[in-house]
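Worksheet: one structure, shown below.
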Amino acid sequence: QVQLVESGGGLVQAGGSLRLSCAASGRTFSNYHMGWFRQAPGKEREFVAVIAWSGSTTSYADSVKGRFTISRDNAKNTEYLQMNSLKPEDTAVYYCAADRLFGTLKPGKAAYWGKGTLVNVSS
(Lines give C-alpha, C1' and ligand atoms only; values in the text may rest on other atoms or scores of the structure.)
Protein backbone atom coordinates (compact mmCIF):
# COMPACT_ATOMS: atom_id res chain seq x y z
CA GLN A 1 0.00 0.00 0.00
CA VAL A 2 1.00 3.56 -0.70
CA GLN A 3 -0.47 6.39 1.35
CA LEU A 4 -0.63 9.82 -0.26
CA VAL A 5 -1.38 13.09 1.51
CA GLU A 6 -1.77 16.36 -0.37
CA SER A 7 -1.22 19.82 1.06
CA GLY A 8 -0.78 23.40 -0.09
CA GLY A 9 -4.21 24.20 -1.42
CA GLY A 10 -6.05 27.38 -0.57
CA LEU A 11 -7.62 30.57 -1.84
CA VAL A 12 -5.63 32.69 -4.28
CA GLN A 13 -6.42 35.55 -6.64
CA ALA A 14 -6.23 35.09 -10.38
CA GLY A 15 -2.68 35.51 -11.58
CA GLY A 16 -1.26 34.22 -8.33
CA SER A 17 0.72 31.09 -7.50
CA LEU A 18 0.46 28.06 -5.26
CA ARG A 19 2.64 25.03 -4.70
CA LEU A 20 0.99 21.74 -3.91
CA SER A 21 2.82 18.93 -2.18
CA CYS A 22 2.09 15.22 -1.98
CA ALA A 23 3.80 13.23 0.74
CA ALA A 24 4.02 9.50 0.15
CA SER A 25 4.57 6.68 2.61
CA GLY A 26 4.28 2.93 2.80
CA ARG A 27 6.36 1.74 -0.14
CA THR A 28 9.51 2.78 -1.97
CA PHE A 29 8.53 6.14 -3.45
CA SER A 30 11.09 6.00 -6.24
CA ASN A 31 9.44 2.86 -7.63
CA TYR A 32 6.32 4.81 -8.52
CA HIS A 33 5.38 7.21 -11.25
CA MET A 34 3.38 10.12 -9.84
CA GLY A 35 0.69 12.39 -11.10
CA TRP A 36 -1.74 15.20 -10.38
CA PHE A 37 -5.39 15.24 -11.33
CA ARG A 38 -8.19 17.66 -10.53
CA GLN A 39 -11.96 17.70 -10.29
CA ALA A 40 -13.93 20.91 -10.58
CA PRO A 41 -17.46 21.21 -9.17
CA GLY A 42 -19.92 19.40 -11.39
CA LYS A 43 -17.21 18.03 -13.66
CA GLU A 44 -15.34 14.78 -14.03
CA ARG A 45 -11.83 14.31 -12.74
CA GLU A 46 -9.22 15.29 -15.31
CA PHE A 47 -5.52 14.77 -15.89
CA VAL A 48 -3.17 17.64 -14.98
CA ALA A 49 0.40 16.32 -15.05
CA VAL A 50 2.51 13.20 -14.54
CA ILE A 51 6.17 12.55 -13.80
CA ALA A 52 8.16 9.36 -14.20
CA TRP A 53 9.83 7.70 -11.22
CA SER A 54 13.20 9.16 -12.18
CA GLY A 55 11.86 12.62 -12.88
CA SER A 56 13.25 12.44 -16.41
CA THR A 57 9.86 12.39 -18.16
CA THR A 58 6.92 14.70 -17.60
CA SER A 59 3.64 15.31 -19.37
CA TYR A 60 1.05 18.05 -18.99
CA ALA A 61 -2.52 18.74 -19.97
CA ASP A 62 -2.72 21.44 -22.63
CA SER A 63 -4.74 23.63 -20.27
CA VAL A 64 -1.84 23.94 -17.80
CA LYS A 65 1.19 23.66 -20.07
CA GLY A 66 3.56 26.58 -19.53
CA ARG A 67 1.92 27.54 -16.22
CA PHE A 68 2.27 24.43 -14.04
CA THR A 69 5.42 22.45 -13.24
CA ILE A 70 5.47 18.96 -11.76
CA SER A 71 8.52 17.77 -9.85
CA ARG A 72 9.56 15.23 -7.25
CA ASP A 73 12.14 14.71 -4.56
CA ASN A 74 12.70 10.99 -4.07
CA ALA A 75 14.85 11.60 -1.00
CA LYS A 76 11.88 13.29 0.67
CA ASN A 77 9.20 10.97 -0.76
CA THR A 78 7.39 14.03 -2.01
CA GLU A 79 5.88 15.21 -5.26
CA TYR A 80 5.14 18.84 -6.07
CA LEU A 81 2.97 20.89 -8.40
CA GLN A 82 4.03 24.50 -8.85
CA MET A 83 1.08 26.44 -10.22
CA ASN A 84 1.65 29.92 -11.65
CA SER A 85 -0.60 32.39 -13.45
CA LEU A 86 -3.63 30.75 -11.90
CA LYS A 87 -7.02 31.25 -13.50
CA PRO A 88 -10.53 30.91 -12.05
CA GLU A 89 -11.00 27.81 -14.22
CA ASP A 90 -8.18 26.13 -12.29
CA THR A 91 -10.48 25.99 -9.27
CA ALA A 92 -10.83 22.34 -8.28
CA VAL A 93 -9.91 19.67 -5.80
CA TYR A 94 -6.42 18.48 -6.74
CA TYR A 95 -5.53 14.84 -6.24
CA CYS A 96 -2.16 13.14 -6.08
CA ALA A 97 -1.86 9.70 -7.67
CA ALA A 98 0.75 6.96 -7.87
CA ASP A 99 1.23 3.85 -9.96
CA ARG A 100 4.08 1.60 -11.04
CA LEU A 101 2.92 1.78 -14.66
CA PHE A 102 3.19 5.10 -16.48
CA GLY A 103 0.63 4.02 -19.02
CA THR A 104 -1.92 3.32 -16.31
CA LEU A 105 -1.29 6.53 -14.39
CA LYS A 106 -1.96 9.10 -17.10
CA PRO A 107 -5.46 7.87 -18.05
CA GLY A 108 -6.48 8.26 -14.43
CA LYS A 109 -6.43 4.58 -13.51
CA ALA A 110 -3.76 4.85 -10.84
CA ALA A 111 -3.63 2.29 -8.08
CA TYR A 112 -3.23 4.86 -5.30
CA TRP A 113 -4.90 8.21 -4.66
CA GLY A 114 -4.78 10.90 -2.04
CA LYS A 115 -7.89 12.54 -0.59
CA GLY A 116 -7.29 15.84 -2.34
CA THR A 117 -6.63 19.48 -1.54
CA LEU A 118 -8.89 22.35 -2.61
CA VAL A 119 -7.56 25.14 -4.81
CA ASN A 120 -9.89 28.13 -5.15
CA VAL A 121 -8.91 30.87 -7.60
CA SER A 122 -10.91 34.07 -7.33
CA SER A 123 -11.37 36.48 -10.22
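Summary table
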quantity: Inter-residue pairs, beta-carbon under 8 Å, first on the phi > 0 side of the Ramachandran plot and in the stretch 14-31, second open to solvent by 20 Å² or more (accessible area, probe 1.4 Å), 6+ apart; calculated: 15/85; 26/1; 26/3
quantity: Unmet criterion (only one of (1) within 22 Å of residue 103 (Cβ to Cβ); (2) open to solvent by less than 70 Å² (accessible area, probe 1.4 Å); (3) modelled with pLDDT of 95 or more) for residue 6; calculated: (1)
quantity: Residue within the stretch 72-91 that is of a type in the set (S, T, N, Q) and in a strand (DSSP E or B) present; calculated: yes
quantity: Members of the stretch 82-112 found to be without any contact (Cβ under 8 Å) to a residue 60 or more places away in the chain, farther than 18 Å from residue 30 by Cβ and polar (S, T, N, Q), listed by number; calculated: 91
quantity: Number of positions in the stretch 79-107 that are within 12 Å of the chain's Cα centre (by Cα) and open to solvent by 20 Å² or more (accessible area, probe 1.4 Å); calculated: 5
quantity: Conditions (1) assigned to a strand (DSSP E or B); (2) over 15 Å from residue 95 (Cβ atoms): number failed by residue 55; calculated: (1)
quantity: Some residue of the stretch 38-49 being part of a loop (DSSP other than H, G, I, E, B) and touching a Lys or Arg at 6+ places or on another chain (Cβ under 8 Å); calculated: yes
quantity: Only listed residue being touching a helix residue (DSSP H, G or I) at 6+ places or on another chain (Cβ under 9 Å), at pLDDT 95 or above, under 30 Å from residue 123 (Cβ atoms) and surrounded by fewer than 18 Cβ atoms within 10 Å (Cβ to Cβ), chosen from 67, 19; calculated: 67
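The values are calculated or read from the model by the stated rules, or taken from the named source; none is laboratory data. Since this is a predicted model, take the numbers as computed values, not measurements. Here Cβ is always computed from backbone atoms with ideal geometry, including for glycine, and neighbour counts include all displayed protein chains. For the accessible areas, the whole protein counts, side chains as well, though only heavy atoms, and no ligand, DNA or RNA atoms are used. Shrake-Rupley method; radii C 1.70, N 1.55, O 1.52, S 1.80 Å.
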